[in-house]
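Heads up, the thing below is written out as structure tokens.
Where a number appears in this text, it was derived from the coordinates with a stated rule and is not lab data. In this text, all values refer to a predicted model and were calculated from it rather than measured experimentally. Here Cβ is always computed from backbone atoms with ideal geometry, including for glycine, and neighbour counts include all displayed protein chains.
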Amino acid sequence: MSIAVSLVGSDDRDFVAKLRERGFRAASVALSELEAAHPMGSKGPDAFVFDVRGLSRLPREIGQAKRQFPSAGIVIVAKALDPTEMLEAMRMGVNEWVAEPLQIAEVDAAIHRVARVTARPMMGKTIAVLGAKGGVGSTSVAVNLATALRAASGQPTLLMDLHLAHGDAAVFFGVDPHISVLDAIENIHRLDETYFKGLVTTTKAGPDLLGSSNRPLQGGVEAMRVRSLIEFAATAYRYVVLDCPRSDATMIEAIDAASTVVVVANQELATLRSASRIANDLRMRCGADRVKLALSRFDPLSDIRQADVERVLGGPVKYVFPSDYRTAVAALNRGEPLVVEPRSRLAESFEEFARDVAGLPARPKETAKAGLFGLLGGRR
Ligand SMILES: Nc1ncnc2c1ncn2[C@@H]1O[C@H](COP(=O)(O)OP(=O)(O)OP(=O)(O)O)[C@@H](O)[C@H]1O
Ligand SMILES: [Mg+2]
């Protein structure tokens, strides 16, 4: 089926005809009619092309379109490449920017890049985990989520370490992969299921791992390549969990392909400041529904309570993981995710998290299974 494109706010009469000549199902919509043309709850186009050449600033309707149709790609056609406006556009969730002199082939290529997200069959659920500050426990959350998802659902699950160099997810699984996420990105054109299976490392805990590289990163990588990799992984696995670096704009752009983004914070002021900024940016980019808040190393006696956190972050905290340093570090030193040894409250909280993500019913509180011996055996 051809790609459905909504050309918004264009004074250029030939533009829509040129898009149709290129094989797109294109319709021209005035800015003021955007809402009427694409009402809430409708399917929406595969891509929006906002023609802003006649405007003095970016219209707020861009953000509105992104929030309402988070999986539709957005291309801007502008007079020039203006870095300030481009940055603002990126924050609004724009994926591509094409400037004058306008080449229809360039617009065509940009639409194909952004519309791929919806045009491609996706079966897996992708959960991106992002720490609001260093050391909050986001890799612990990602690794244990992947392990618990695999165990609870029995479905193929992949943990992808998106720290392109020197990430530590492999350490949590006690493995030392020789092929990394960087190799996958560099060979993106070769990706098929067999090749991909050769890139991942199987782990004793259950999930497959596409780990980080030990070689330093030369230059940057294009967000589109990372995004293609994530999309590809979601066609091969039921669940794909991404351990994401927080301060990498390319990665933030790439995790647009995720179904859910979990921002991990804790009860420290500095972390909360950063979490608030990150959560707001992500809500603008991906739509508020896809962004969930989690509290790691939760201390019920802290001066900062859950309600305070929710006020600062502007939304409910969906997942809470208790503080239990001894259990966390012991598992790390054993080289296995802590949910493999399910006798702690922390492991239970990761399991509940996974069951919620997978849409499985919560496990009934099992007094029988734990029993008195279970309690004596270290149930915290
Ligand atoms: N719930 C918890 N309670 C206590 N300690 C924890 C908890 N979760 C993780 N830790 C410990 O905190 C440390 C940092 O955890 P982790 O590596 O998961 O954080 P991170 O956010 O991924 O850090 P980085 O920014 O380096 O990537 C580790 O020693 C880990 O064992
Ligand atoms: Mg980490």
**Prompt:** Once the Cα atoms of helix 104-119 and of the chain are each reduced to a long axis, what angle between those two axes, in degrees from 0 to 90 to the nearest 10, is obtained?
**Reply:** 30
**Prompt:** At q = 0.11, 0.13, 0.16, 0.18 Å⁻¹, what is the log10 ratio I(q)/I(0) for the stretch 125-376, with the Debye formula run over Cα points and no solvent?
**Reply:** -0.56, -0.78, -1.19, -1.49
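When the helix-only estimate is applied to the chain (DSSP H runs of n ≥ 4, each -39,500 (n - 2.57), divided by the residue count), what is the mean residue ellipticity at 222 nm, nearest 500 deg cm²/dmol?
Details: 16 runs with 161 residues, N = 380.
Theoretical 222 nm ellipticity from helices: -12500 deg cm²/dmol.
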**Asked** By how many degrees, between 0 and 90 and to the nearest 10, does the Cα long axis of helix 83-92 differ from the longest principal axis of the chain?
**Response** 60
**Item:** For the chain, built as a Gaussian network whose Cα springs stay under 10 Å, the top-fluctuating residue of 346, 282, 191
**Value:** 191
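Taking loop as defined by DSSP and a crowding limit of 16 other beta carbons within 10 Å, which trypsin sites (Lys or Arg not before Pro) in the stretch 55-86 fit?
Filter output for the stretch 55-86: 57, 60, 79.
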**Complete:** If 305, 343, 297 are placed from fewest to most neighbouring beta carbons inside 10 Å, the sequence is 305, 343, 297
**Asked** Which shape class applies to the stretch 4-119: rounded if a/c is under 1.5, otherwise prolate when a/b exceeds b/c and oblate if not, where a ≥ b ≥ c are the square roots of the Cα gyration tensor eigenvalues?
**Response** rounded
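Below 8 Å, C-alpha to C-alpha, sequence gap of six or more: please give me the relative contact order for the chain in percent. Don't skip to the end; give the middle numbers.
On the way: 698 pairs, mean separation 62.6, N = 380.
Across the chain, relative contact order equals 16 percent.
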**Prompt:** Lys pairs in the stretch 125-376, Cα-Cα under 28 Å, at least 8 apart or on separate chains: how many?
**Reply:** 14
**Asked** Rounded, prolate or oblate: which fits the stretch 88-214, taking a ≥ b ≥ c as square roots of the Cα gyration tensor eigenvalues, rounded meaning a/c under 1.5, else prolate when a/b beats b/c?
**Response** prolate
**Fill in**
Ranked from fewest to most other Cβ atoms within 10 Å of their own Cβ, 183, 208 fall in the order 183, 208
**Fill in**
If one compares the long axis through the Cα atoms of helix 138-153 with the longest principal axis of the Cα atoms of the chain, the angle in degrees, nearest 10, works out at 80
**Request:** Go ahead and collect, in residue order, the members of the stretch 38-58 whose backbone nitrogen is under 16 Å from a label point 7 Å along the Cα-Cβ direction of residue 100.
**Result:** 51-58
**Asked** Treating the beta-carbon of each Lys and Arg as +1 and of each Asp and Glu as -1, no other charges, what is the dipole magnitude of the chain about its Cα centre, to the nearest 20 debye?
**Response** 1020
